[in-house]
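The values are calculated or read from the model by the stated rules, or taken from the named source; none is laboratory data. Quick caveat: nothing in here was measured; it's all calculated off a predicted structure. Here the Cβ positions follow ideal geometry from the backbone for every residue, glycine too, while neighbour counts run over all protein chains shown. All accessible areas refer to the heavy atoms of the entire protein, side chains included, with ligands and DNA or RNA removed. Shrake-Rupley method; radii C 1.70, N 1.55, O 1.52, S 1.80 Å.
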Amino acid sequence: MFRPLVVVTLVALAGCSGLGFGPSADTPSVTPVPVETPDAAAVAVVRTNGSVDVDRLIARHDAAMADRSFHRTVVREGPQNTRDVWVDRERNVVRVRRTFGPVVDDAILADGRLYRAASDDPDRAYTSEQSNATVPYVPTQSGAARLGQVLLADGYRRVDTVRRGGRTLAVVAVNATGRAEGSDPSIAVQSRLYVDSEGVVREVDHWERRPDGTVVDFRMTVTTDTDRVPIPWWAEDLELYG
């Protein structure tokens with residue numbers, strides 16, 4: 001018995017969501033979020049003869065940090081060599097934590113006294129002595145002294161302006177090889193700083209191979225949106241924030 005062949009052709013119209021083809025008319029459209037273009041004029045960087053004046057940049061950073069609370073982190077030659085500095089200006093509390101491999105040194109300055117973790121004394125959690133206001137483990141709270149030791153004296157130029165953390169930052173950088181006598185290509189530096197409108201050096205990423213073969217790998221970050229120093233377990237009974 002012969003049966004006629006019936007061919008059914010299905011045509012899906014664009015926008016017909018019931019069949020799962022194409023976008024649904026009920027799908028909301030997505031509006032791209034506008035990207036804010038950073039205003040280079042919002043951040044001024046002091047120049048001398050066309051290059052950024054590094055000495056004045058560091059001095060301005062030090063002055064800007066003198067009256068504010070902050071947390072500063074430095075990493076040198078890898079994550080096992082770090083310095084953390086927390087400063088609470090309102091309560092006059094400073095904490096410095098230094099790590100070098102498995103060794104951790106911790107100290108707190110408060111109420112005119114210096115407290116240190118007593119890692120080698122099982123009978124007590126900390127030691128205490130009268131403070132002369134010198135902060136242990138770091139030459140300066142702001143990091144200005146360390147920046148003066150690490151950064152090049154010249155050659156920095158402003159290369160960009162970016163937005164990070166809601167701030168406009170000037171990008172100051174050096175990227176060069178053969179800076180030493182004889183233009184040895186093994187002598188190189190890649191250094192980049194991010195500076196805000198108040199002069200705070202928010203980030204530093206510095207790598208350098210010096211003429212004697214020494215390699216310097218230095219990273220620093222600064223945040224100023226913290227209002228208290230984190231208290232370690234060994235200092236909890238000091239009740240600095242009680």
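How long are the semi-axes of the ellipsoid equivalent to region 189-240, from square roots of 5 times the Cα gyration tensor eigenvalues, in whole Å, largest first?
Details: eigenvalues 221, 71, 7 Å².
The three semi-axes for region 189-240 are 33, 19, 6 Å.
Figure the gain on full extension for Trp207 and Thr223 (residue separation times 0.36 nm, minus the Cα-Cα span) and round it to one decimal in nm. The partial results should precede the final answer.
Numbers: separation 16, 0.36 × 16 = 5.76 nm, distance 2.17 nm.
Contour length minus Cα-Cα distance gives 3.6 nm.
Ignoring any ligand, DNA or RNA, what whole percent of the accessible area of region 84-168 comes from carbon and sulfur when the probe is 1.4 angstrom? Kindly include the intermediate steps, with their values, before the conclusion.
Working: 2050 of 4670 Å².
Exposed carbon and sulfur together represent 44 percent of the surface.
Just from the alpha-carbon atoms, what are the Rg and Dmax of region 120-242 in angstroms?
19.7, 61
Tell me, what HN-Hα J-couplings in whole Hz come from the Karplus equation 6.51 cos²θ - 1.76 cosθ + 1.60 at θ = phi - 60° for each residue of region 98-107, using x for Gly and Pro?
With the stated coefficients, region 98-107 comes to 10, 10, 9, x, x, 8, 10, 10, 9, 8 Hz.
To the nearest 0.05, how large is the calculated FRET efficiency for Ala153 and Glu77 if R₀ is 25 Å and r is the Cβ-Cβ distance? Don't skip to the answer; put the middle values down first.
On the way: r = 22 Å, r/R0 = 0.88.
FRET efficiency, Ala153 to Glu77: 0.70.
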